[in-house]
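Okay, structure first, notes after.
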Amino acid sequence: MGTKITFVTGNKHKFEEVSKLLETSVEGYEVIQSTKELSELQADSLEEVAKFKVNSVKTVIKPPYFIEDAGFFVDDVCKGFPGVYSSYVMKTIGYEGILKILGSTDQRKAHFESVIAYIDEYYQIRFFKGINEGAVELEARGKSGFGFDPIFISKDTPDRTFAELTMEEKNAISHRRRAMMKLIEFLNSKKNKSQSRSN
Ligand code: IMP
């Protein structure tokens, strides 16, 4: 039987993306979703937020498990805002608000960041980070994805916004995938080490 690993998230887009990737890349892992509410903390970095969130369910979720925290950073004009405030900004002014703040400026550099906080069976925490660099489009385009996808153009797909990509196309380059690939690399090397010890 495979090792069960729990992904604590209420976001079905994230769960689909991440579980598919993990189950096809590391042999013998089965990803289970927990929608347990994670406590939020307002902090200056995604790592701090992720650490707080992952610890908030320590007594109720059996390890190994992980959480993922992401943010949208508008680099020049907004000095990284909304960043750790991305959820709140999405709920209040939305991506339309970001378009208004930027107006027609040509300083439109932005990026997505994803931080995975993973707790192993000995309750040790590890962080894995992924980034996708790009820019804020002049107007929203596209219907797929979620959050700030309609206004973000990645350097990897410069003619379409994230919301104009298919789920497969976005998942192949996303910040979340890049963080997940680091977790996958770690799990694979851990597996190889324990296999060579038992040989
Ligand atoms: P969360 O706290 O990790 O769920 O992410 C904070 C906010 O960042 C979400 O409410 C989304 O608006 C935004 N966000 C995170 N990941 C993505 C993404 O892949 N595309 C678009 N927006 C995202």
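The values are calculated or read from the model by the stated rules, or taken from the named source; none is laboratory data. Computed from a predicted structure; not experimentally measured. A quick note on method: Cβ atoms are made from the backbone with ideal geometry, for glycine too, and the neighbour counts reach across all protein chains shown. To get the accessible areas, we keep the full protein, side chains included, count just its heavy atoms, and leave off ligands, DNA and RNA. Shrake-Rupley method; radii C 1.70, N 1.55, O 1.52, S 1.80 Å.
Which residue out of Lys79, Lys51, Lys91 is of a type outside the set (A, V, I, L, M, F, W, C) and touching a strand residue (DSSP E or B) at 6+ places or on another chain (Cβ under 7 Å)?
Lys51
Looking only at region 15-51, which residues are part of a strand (DSSP E or B), open to solvent by 60 Å² or more (accessible area, probe 1.4 Å) and modelled with pLDDT of 95 or more?
Gln33
Pick from Glu169, Glu121, Glu113, Glu139: which is free of Cβ contacts under 8 Å to residues at least 24 places away in the same chain and among the charged types (D, E, K, R)?
Glu169
Kindly provide the set of residues from region 1-14 that are within 13 Å of the ligand (Cβ to nearest atom) and surrounded by fewer than 13 Cβ atoms within 10 Å (Cβ to Cβ), ordered by number.
Of everything in region 1-14, those that are within 13 Å of the ligand (Cβ to nearest atom) and surrounded by fewer than 13 Cβ atoms within 10 Å (Cβ to Cβ) turn out to be Gly10, Lys12.
Could you check region 52-61 and list, in sequence order, the residues that are touching a residue at least 60 places away in the same chain (Cβ under 8 Å) and either open to solvent by 90 Å² or more (accessible area, probe 1.4 Å) or of a type in the set (A, V, I, L, M) (or both)?
Once the filter is applied, which keeps residues that are touching a residue at least 60 places away in the same chain (Cβ under 8 Å) and either open to solvent by 90 Å² or more (accessible area, probe 1.4 Å) or of a type in the set (A, V, I, L, M) (or both), region 52-61 yields only Val54.
Could you look through region 62-71, keep only residues that are open to solvent by less than 20 Å² (accessible area, probe 1.4 Å) and within 12 Å of the ligand (Cβ to nearest atom), and pick out the one that is farthest from Thr6 (Cα to Cα)?
Within region 62-71, the match that is farthest from Thr6 (Cα to Cα) is Gly71.
Could you list all residues from region 163-184 that are of a type in the set (Ser, Thr, Tyr) and more than 14 Å from the chain's Cα centre (by Cα)?
Hit for region 163-184 is Thr166, nothing else.
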